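Student: Structure below; questions to follow.
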Amino acid sequence: MSSEPPTITLSIDGRTVNVPKGTTIYNAARRLEIEIPIFCYHDRMPPLGACRMCLVQVERAPKLQTSCTLEAAEGMVVRTATPEVIAGQEAILEYLLINHPLDCPICDKGGECPLQDQTYRWGPGRSRYTEVKRDFAKPVSLGPVLMLDRERCILCWRCVRFGEIVAGDDALKGFERGFESSINTPFTLPVASKFIGNTIAICPVGALTSRSYRFLSRPWDNRSAASVCTLCGVGCAVWLDARGEHLTRLRPREERAVNDVWLCDLGYFGHGYVHHEDRLRQPLIRRDGRLQPATWDAALDLVASRLRSAGPRVGLLAGARLTNEDAYVAGRFFRTAVGTPHLDHRADARSGSISLDVAWGMRTPIAAIDRSDVILLAGCDVTEEYPVLWLRIKQAVDQGAAVVALTPKALEVDRHLAHHLVHRYGEGAAVVRALIDALDGRARDGDRGGVAHGRLMLAAKTLGAARRPLVLVGTLALDAPDGRDLYRMLGTLCERWQVEPSVMRGRGNAFGAALAGLLPDRGPGGRPLPEVTDALASTWGAPLAPGAGRTSPEMIDAAARGELEVLYVVGADPATDVPDARAWQAARSRVPFVVVQGAFLTATAAAADVVLPTLVLPERDGTVSNIEGRVQRLRPIVAGPGDARGDAVIFSALAGRLGKTIAYSSWEEIHDEMRTMIPDLAIDAVLPLAAPRPSDNAPAGDLSSAAPGDGSLLLIPGSALFDQGSMSARSEAIAGLAGAPWALLHPEDAGRLGVGEGDTLVLTSTHGSIALRAVVRPALLPGQVFVPRGFDAAPVNALVDATGPASRVRVELLAAVAGAAGGTGSGA
Amino acid sequence: MAVLSEGAKTEIRRLVAQFPHRQSALLGALFVAQGEAGYLRPDVVAEVAEALDLPPSEVTSVASFYHLFHFEPVGREVIQVCTNISCLLRGCHRVLRGFSEYLQIDVGQTTTDGAYTLRTAECLAACDEAPVIMVGTERYGPVTADGVDDVLARHARKQGRR
Amino acid sequence: MPEPFLLKYVKEPDQAEYEAYVARGGYEGLRNALAMPPDQVTDAVDRSGLRGRGGAGFPTGRKWKFLPKDPAVTKYLVVNADEGEPGTFKDRTLIEGDPHRLIEGIVIGSYAIAARHAFIYLRREFHTARVILERAIAQAYAHGVLGEHVLGSGYALDVVVATGAGAYIAGEETALLESLEGRRAMPRLKPPFYPAVKGLYMEPTALNNVETLCHVAWILARGAEWYKAQGSPILISVSGHVRAPGVYEVPLGTTIRSVITLAGGVTEGRTFKACFPGGSSSAILSAAYLDTPMDYDLVKLDVYGSMLGSAALIVMDDSTCMVEIVARTVEFYRDESCGKCTPCREGTVWLGQVYDRILHGRGEAADIELLRGIARGMTGTCFCPLGESVPPAITSSLRFFAHEYEHHITTGACDVGVHPAG
């Protein structure tokens, strides 16, 4: 029904082109494949006109015009290579080069440098500059990942505008003015951003470079594979670059439906683990109380013998590190060859949590963010969990969308939110109930959950005006003490809006694990098991294990009670992932046999009976699924170390020893078989899973609202993008960004406890204690302490008591900071 | 721990109320903060940023653009000697040398007692009184090379009368 | 010569007092304006032929007509009181000497364009002017000239004084708006950010110079016809090597020679050598141009970059080393460049380095052509008028005083005087 935008015709270098009204001359020229040199313009940001490189001659205009800013007009006659234009281009390049150092031989940008390329093609060939070039101390370190070279900077302002416009984090700014201008962070402090890798990518010179890529390779020495990042769950398209057998870096690959042209810093810099020396290279078998190297045959024989005798008393704790095909094969292996119905990929879910009753993932495509006018972030700490989605949300905000956040901890992007309802942990449901009452005209006075009445009313007003709302529900809501109620309340809100809430839960390829059927009650495609049992048995040529499968928490409890013989862990680390470490310890101490299949000696693996070394996802071929259910192709860039193997290969070998044939010649064959069960399966297909209705008869968490008055603080376990887990701790850049494990307190509580920023604290609960670095901010309500998961050396699950709705901790000062507390990460 | 006084914060709030958009009060707020703290230390910048709900990086970036904001300590009075064309034509460099010799400091430096910082300035829009200087917020001209002590004494008397 | 009116009362010690101002006929213009519909006010200004006195010389009435008429659209009047063009001091003189005139012009202009708020962007260095102006504004509020009912009418206006913080570029209209919005004073792209279309806070804005608004007050007080009959006076700031530097009110078209005579003539015992007729952004004119009229047609002179600009006549006598003056001019633009665009930011540095060598006896034969080349590269390629203001002094001084450059280069010394001057 909407008409095409009007078009206009203009001529460039004698060739005519028809473009939509509003197109700049520069972009019109691109359509004709006429190259115009340019630096400051980046097509994801409005034009600036600062560098003056893109000058063209426009008939009847007295001066040369910057083609990136000038809109094409009907009948315009443009020339891109007149003597005047050429003189202008040479002049601008000569100016840019007068203070640019001759660093090319040692500059990481060489070979992919727009300044090099444009000087070669459009430059004067010889500079008349004979004065003394300025020099600055270089490089300047701006934190663990970014290096700044002031001499190389041509002040194109791209990095500054990226921070202001795209990321909204104002990480890099211009300081001083004129020729004293310099791009920097304030006071040259480490840069505070989750997206700074993008500024390195868009810098047209080598002024901003990556510490982890420094001097590693030249672009022509790199091989590239088009793949997908698998760290957080957004599934950004990437290029994996390798020099020889060494993965050198990741770059974003354009995928307009997911990450556009961006990538977060976890994606950019979180690959160090791939080549870490800690990679497991051969199987380990526990003998004489110690894990000792063994052959594959010995290890597989042992595992098979234990599985054979255990039958249905086996539990599979899968994680987020399997490809879709490997997860499918795992499902087949355990259901038919081992004969157990106990499969679950959700080891990090709380027992009784609504997380176990709902399908994880978005119910709308990521691109729907762009079209939303109101976005409700309920317990979704988006920049810590799915950072690139924030870039899309920021775009929506710039187009007028209102973001309403409902969280127990303030979000980093607070400044861009229309309303931020920071509530007491465990009382989010009451806040949503109050919002719904307000929308229904039943508003009652008073604060709710620590949120002031006035704020509630303003937020309700915005929600009431929503025409295209989007609801993103995250773990801070789902796994909260009142998570069930909160989810139910949000469901009511969504019903009014006739939308479905998106469950923002799951990292890596958790979505592929669900798609492949690694769930106790579902088969491939997320279909209820009873519906697909016969078809699966037919395809797999063997009956499936009967009976109801146990969820992860149920498996762990069962193991602790002696009801399981084997716990098989693949691509997961339950020792640190499960909400309550004691539950895992009880399981480990009681269950006779634990197999861990993974890439590192995690805490779980270190206590296992057999450890089987696997490949990691940059070494794999196949597909993975992202948070919107998009199936994307993985391509390997390097081979794995030592004798590490793919997961499906291991299951096939074990199946053979169990007398069953599970043999596929390629991932494609597995994928094709999956398609027989999931007809819509295809690369780039978007397959969100159907959300089951939450069951009503699960225990509801009821947090007593009164604090015990003993000075203890309510514990809020949360997420941090930069943590120190088995992979992140082994990526030097990420470990640097994460810093030492930390806990976030309100200044009131800090004052009462005599604690200052950076001090070392001891947090003690009924279950254990850990030492953490204090971060003091008014980012949560007093009486609470926020501790991020993911720091394996000081895991929050050592404190959590999952038998109750919430945990409380005593906080004591261990040592005041005496200088740097270590690391640059500060979380909040 | 608060760095700015309640009075300063009240003044900043008054400035904010004058404009439809908070950031417009930034330059005025920075002068209030600088007036109290002497110069813009990181903690001072952070308080101004918080008062205006702006990222500290933006506040620092904006402040650094303008010559009248100082990120290092300056003397109690900043002496600015105009060296633009009209003052140059009327001998401003003799005056600059005069101040330098009298105060025993180079341009850009501060006297050891912290009383004066000597700087050059661009056109102060008083070219009919060239050579022109400012001491703090007061303008003086024409100034002569052998009259520098006199103008400083005059200024001190003026300040004393306040 | 017609009777001056712009400067008539500027030296009266009580002119800044509301009562004295009114006693001398002040705020009559405002009364007249309020008695007519707003667009008639604009018509009157248009008919008067008043051209902006900030330097661009754009007809004021026509500028106001660019703004949308719809009263529902938020509009602003912004006063450019950031007088920073070297050699210019007429605006400060008016603010300190006749602040109520400026206020009157502001109210009239705001009424004409239906603005509810007006902002004065004043140079921070103008401390005395700010004190005087804020006091006059307080008096204006007290007497109902500002506020909810201007002079008892239905028109409401609030005026706020905001200051800069030491940046010449903030005198450029779009950079001024950036600074007024609390940001770095970096000029905006035009189109689309023409102030009349997307100005302050992206709303249509009339941006006027101080002197221009003082003219407006007089036009509405005495009428457009009366104003035209006065020969459209202009305030010229005269400084440098003259015996009586100061602000002089003359009809447009008065020759440079006549203005110098008004200012007491060149320094005793010296002869005229050269001048900047319109501040340092205008081309330097030699003695051959002494009989050139000072009006907007200066831009048509056969010297590249010649213009009336801010009407700041800087006179240089024969004791002046032209190379030093141009070097100082280049340094000024280098230090005031905002840094946004390549040619201005880098070109001024390079020029400064070459001039430095020449002045310190290290000039080379190729330098003169090099200076021309650098200047050429900055001509027509810069983002805003600041960068474009650099080449005129260079090309004009090379044209008229090439021998001075050559002498510095070949001998390493100056044959005019010592550096730095004085």
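The values are calculated or read from the model by the stated rules, or taken from the named source; none is laboratory data. Since we're looking at a predicted model, the values are computed, not measured. Neighbour counts are summed over all protein chains in view; Cβ atoms, including those assigned to glycine, are modelled from backbone coordinates with ideal geometry. Please note that ligands, DNA and RNA were not included when accessible areas were found on the heavy atoms of the full protein model with its side chains. Shrake-Rupley method; radii C 1.70, N 1.55, O 1.52, S 1.80 Å.
Student: If Lys and Arg each add +1 and Asp and Glu each add -1, what is the summed charge of the other residues whose beta carbon sits under 11 Å from the beta carbon of C:V45?
Tutor: Counting the neighbours of C:V45, the net charge comes to +2.
Student: What part of the accessible area of the protein assembly as shown, given as a whole %, is carbon or sulfur when the probe is 1.4 angstrom?
Tutor: 51
Student: Quick check: from the Cα gyration tensor, does chain C come out rounded (a/c under 1.5), prolate or oblate?
Tutor: prolate
Student: Helix A:667-677 against the longest principal axis of chain A: what's the angle in degrees, Cα atoms only, rounded to the nearest 10?
Tutor: Once rounded, the angle reads 70 degrees.
Student: Please give the contour-minus-distance gain from A:S224 to A:A663: 0.36 nm per residue of separation, less the Cα-Cα distance, rounded to one decimal in nm.
Tutor: Extra length available between A:S224 and A:A663 comes to 155.0 nm.
Student: If you don't mind, there's one more thing I want to ask. Students often forget the sequence filter, so: which lysines lie under 29 Å Cα-Cα from C:K69 once same-chain residues fewer than 8 apart are removed?
Tutor: Answer for C:K69, where 29 Å is the Cα cut-off: A:K21, C:K190, C:K198, C:K228, listed by chain and number.
Student: Around A:A349, with a cut-off of 12 angstrom between Cβ atoms, what is the net charge of the other residues, counting Lys and Arg +1 and Asp and Glu -1?
Tutor: -4
Student: With a 1.4 Å probe and all protein chains left in place, how much accessible area per residue does the protein assembly as shown have, in Å²?
Tutor: Per residue, the protein assembly as shown has an accessible area of 36 Å².
Student: May I pose another question? Using only Cα atoms, find the angle between the long axis of helix B:148-161 and the longest principal axis of chain B, and express it within 0 to 90 degrees, rounded to the nearest 10.
Tutor: 40
Student: Starting from the coordinates of the alpha-carbon atoms of segment B:6-65, obtain the Kirkwood hydrodynamic radius over all distinct pairs and give the value in Å to one decimal.
Tutor: 11.1
Student: Another question, then. Run the quick spin-label model on A:I106 and B:Q159: label points 7 Å from Cα toward the beta carbon, then report their separation in nm to one decimal.
Tutor: Inter-label distance under the simple model: 4.9 nm.
Student: What is the average number of partner chain Cβ atoms found within 10 Å of a Cβ in C:273-284?
Tutor: So the per-residue partner count for this stretch is 1.
Student: Something else: Over chain A, calculate the relative contact order: mean separation of alpha carbon pairs under 8 Å at least 6 apart, over the residue count, as a percent. The partial results should precede the final answer.
Tutor: Numbers: 1848 pairs, mean separation 106.0, N = 828.
After rounding, I find 13 percent.
Student: Moving on. Between A:A298 and A:A816, what length comes free when the chain is fully extended (0.36 nm per residue of separation minus the Cα-Cα distance, one decimal in nm)?
Tutor: Once the chain is fully extended between A:A298 and A:A816, it gains 181.3 nm.
Student: Can you give me the long-range amide H partners of A:V569? Hydrogens built in the peptide plane at 1.01 Å from N, cutoff under 5 Å, separation of 5 or more residues or another chain.
Tutor: Correct list: A:L317, A:V595, A:V596, A:Q597.
Student: Please identify the DSSP H helices in chain C that span no less than 30 Å along the helix axis (Cα) and have a mean Kyte-Doolittle hydropathy of 0.5 or more.
Tutor: Taking the DSSP H segments of chain C (at least 30 Å long, mean hydropathy at least 0.5), we get none.
Student: Continuing with the same structure: Over chain C, with a Gaussian network built from C-alpha contacts below 10 Å, which listed residue (C:N80, C:N209, C:N32) shows the highest mean-square fluctuation?
Tutor: C:N32
Student: Report the Cα centroid-to-centroid distance between segment A:292-327 and segment A:486-538 in angstrom, as an integer.
Tutor: Each part reduced to its Cα centre gives a spacing of 26 Å.
Student: Show me the ranking of peptides C:148-155, A:438-445, C:387-394, C:195-202 by mean Cβ neighbours inside 10 Å, starting with the highest.
Tutor: Packing order, densest peptide first, comes out as C:387-394, C:195-202, C:148-155, A:438-445.
Student: Further question on the same structure: With both bridge residues required to lie in segment B:77-158, what share of the DSSP beta bridges run antiparallel, to the nearest 5%? Please report the intermediate quantities before stating the final value.
Tutor: Numbers: 7 of 13 bridges.
Taking every DSSP beta bridge within segment B:77-158, about 55 percent pair in antiparallel fashion.
Student: Still on this structure, I have one more. Nearest 100 Å² is fine: what is the total accessible surface buried where chains C and B meet, probe 1.4 Å? All intermediate terms of the calculation are to be shown ahead of the outcome.
Tutor: Working: alone 16760 and 9500 Å², together 22280 Å².
Counting both chains, the buried surface is close to 4000 Å².
Student: Here is a further query. List the aspartates and glutamates whose Cα sits under 14 Å from the Cα of A:K194, skipping any in the same chain fewer than 8 residues away.
Tutor: By straight Cα distance, A:K194 reaches A:E164, A:D169, A:D170, A:D265, A:D381, A:E384, A:E385, A:E412, A:D723.
Student: Sticking with this one: Need one word for the protein assembly as shown: rounded, prolate or oblate. Basis is the Cα gyration tensor (sqrt eigenvalues a ≥ b ≥ c); a/c below 1.5 gives rounded, then a/b vs b/c decides.
Tutor: Prolate is the answer for the protein assembly as shown, as a/c is 1.5 or above and a/b outweighs b/c.
Student: Compute the distance from the alpha-carbon center of segment C:249-272 to that of segment A:552-607, in whole Å.
Tutor: 96
Student: Could you please report the charge total around A:D534, scoring K, R as +1 and D, E as -1 over all other residues with beta-carbon less than 14 angstrom from its beta-carbon?
Tutor: So the environment of A:D534 carries a net charge of +1.
Student: Output wanted: per-residue J couplings in Hz (rounded whole) for segment A:271-284, from phi through Karplus 6.51 cos²θ - 1.76 cosθ + 1.60, θ = phi - 60°, x for Gly and Pro.
Tutor: Along segment A:271-284, the couplings run 9, x, 5, 4, 10, 5, 5, 6, 4, 6, 10, 8, x, 10 Hz.
Student: Could you name the aspartates and glutamates whose alpha carbon sits less than 15 Å from that of A:K461, not counting residues in the same chain fewer than 8 places away?
Tutor: Reachable aspartates and glutamates: A:D373, A:D437, A:D440.
Student: How high is the relative contact order of segment B:77-158, given as a whole-number percent (alpha carbon pairs under 8 Å, six or more residues apart)?
Tutor: 38
Student: Give me the compactness ratio for segment C:18-229, meaning the Cα radius of gyration over 2.2 N^0.38 Å.
Tutor: Numbers: Rg = 15.7 Å, N = 212, 2.2 N^0.38 = 16.8 Å.
Normalised by 2.2 N^0.38 Å, the Cα Rg of segment C:18-229 equals 0.93.
Student: When the Kirkwood hydrodynamic radius is evaluated over all pairs of different C-alpha atoms of segment A:241-351, what value in angstrom, to one decimal, is obtained?
Tutor: Computed over segment A:241-351, the radius equals 17.9 Å.
Student: Highest mean first, how do B:108-116, A:477-485 rank when packing is the count of other Cβ atoms within 10 Å averaged over residues?
Tutor: In descending order of packing, they fall as A:477-485, B:108-116.
Student: Then there is this: Modelled label-to-label distance, C:A288 and A:R455, 7 Å Cα→beta-carbon offset: nm?
Tutor: In this crude label model, C:A288 to A:R455 measures out at 7.4 nm.
Student: Show me B:135-142, B:154-161, A:806-813 ranked by packing, highest mean number of other Cβ atoms within 10 Å first. All intermediate terms of the calculation are to be shown ahead of the outcome.
Tutor: On the way: B:135-142: 18.4, B:154-161: 11.6, A:806-813: 19.9.
Those peptides, ordered most packed to least, come out A:806-813, B:135-142, B:154-161.
Student: Continuing with this model, one more query. Segment B:77-112: which residues show an accessible-area loss of 30 Å² or more, assembly versus chain alone, 1.4 Å probe?
Tutor: Correct list: B:N84, B:I85, B:S86, B:L88, B:L89, B:R90, B:H93.
Student: Under a 5 Å amide H to amide H cut-off, with H placed in plane at 1.01 Å, what residues pair with B:N84 once short-range neighbours are removed?
Tutor: Counting only residues 5 or more places away or on other chains, the set is B:C123.
Student: Another question about this same structure. Restricting to the protein assembly as shown, compute how many DSSP beta bridges are antiparallel as a %, nearest 5. Before the final figure, lay out the partial values.
Tutor: Values: 85 of 159 bridges.
DSSP beta bridges in the protein assembly as shown are roughly 55 percent antiparallel.
Student: Using just the helices of the protein assembly as shown, give the 222 nm mean residue ellipticity in deg cm²/dmol: DSSP H runs with n ≥ 4 each add -39,500 (n - 2.57), and the total is spread over all residues, rounded to 500.
Tutor: Using -39500 (n - 2.57) per qualifying helix, the result is -9500 deg cm²/dmol.
Student: ³J(HN,Hα) across segment C:237-244 via Karplus (A = 6.51, B = -1.76, C = 1.60, θ = phi - 60°), whole Hz, x for Gly/Pro?
Tutor: So the J values, rounded to whole Hz, are 8, 10, 8, x, 7, 10, 7, 10.
Student: Also: Can you list residues whose amide H is under 5 Å from A:I662's amide H, if they're 5+ apart or on another chain and H is modeled 1.01 Å from N?
Tutor: A:G656
Student: Right, something else. Once the Cα atoms of helix B:56-65 and of chain B are each reduced to a long axis, what angle between those two axes, in degrees from 0 to 90 to the nearest 10, is obtained?
Tutor: It is inclined by approximately 20 degrees.
Student: Once phi is turned into ³J(HN,Hα) by the Karplus curve 6.51 cos²θ - 1.76 cosθ + 1.60 with θ = phi - 60°, what whole-Hz value does each residue of segment A:406-419 show in order, with x for glycine and proline?
Tutor: Per residue, the Karplus-derived 3J(HN,Hα) values read 10, 8, x, 10, 4, 7, 4, 8, 2, 4, 9, 7, 6, 9 Hz.
Student: Rounding to the nearest 20 debye, state how big the charge dipole of segment C:18-229 is about its Cα centre with +1 on each Lys and Arg Cβ and -1 on each Asp and Glu Cβ.
Tutor: Using only the charged Cβ atoms, the result is roughly 360 debye.
Student: Still on this model: Averaged over B:15-28, how many beta carbons belonging to a partner chain fall within 10 Å of each residue's beta carbon?
Tutor: Mean partner shielding for this stretch: 5.
Student: Only counting protein heavy atoms at a 1.4 Å probe, give the residues of segment C:214-243, ordered by number, whose accessible area falls by 20 Å² or more when the other protein chains are present relative to the chain alone.
Tutor: C:S239, C:G240, C:H241
Student: Give the average, rounded to an integer, of partner chain Cβ atoms located within 10 angstrom of each Cβ in A:160-169.
Tutor: Values: counts 2, 0, 0, 3, 4, 0, 0, 0, 1, 2.
Mean partner shielding for this stretch: 1.
Student: Same structure again: Based on Cβ point charges of +1 for Lys and Arg and -1 for Asp and Glu, what charge dipole magnitude is obtained for segment B:6-65 about its Cα centre, in debye rounded to the nearest 20?
Tutor: Working: 5 positive and 8 negative charges, 35 e Å.
Using Cβ point charges on Lys, Arg, Asp and Glu, segment B:6-65 gives about 160 debye.
Student: Among DSSP beta bridges whose residues both lie in chain B, state the antiparallel percentage, nearest 5.
Tutor: Around 55 percent antiparallel, to the nearest 5.
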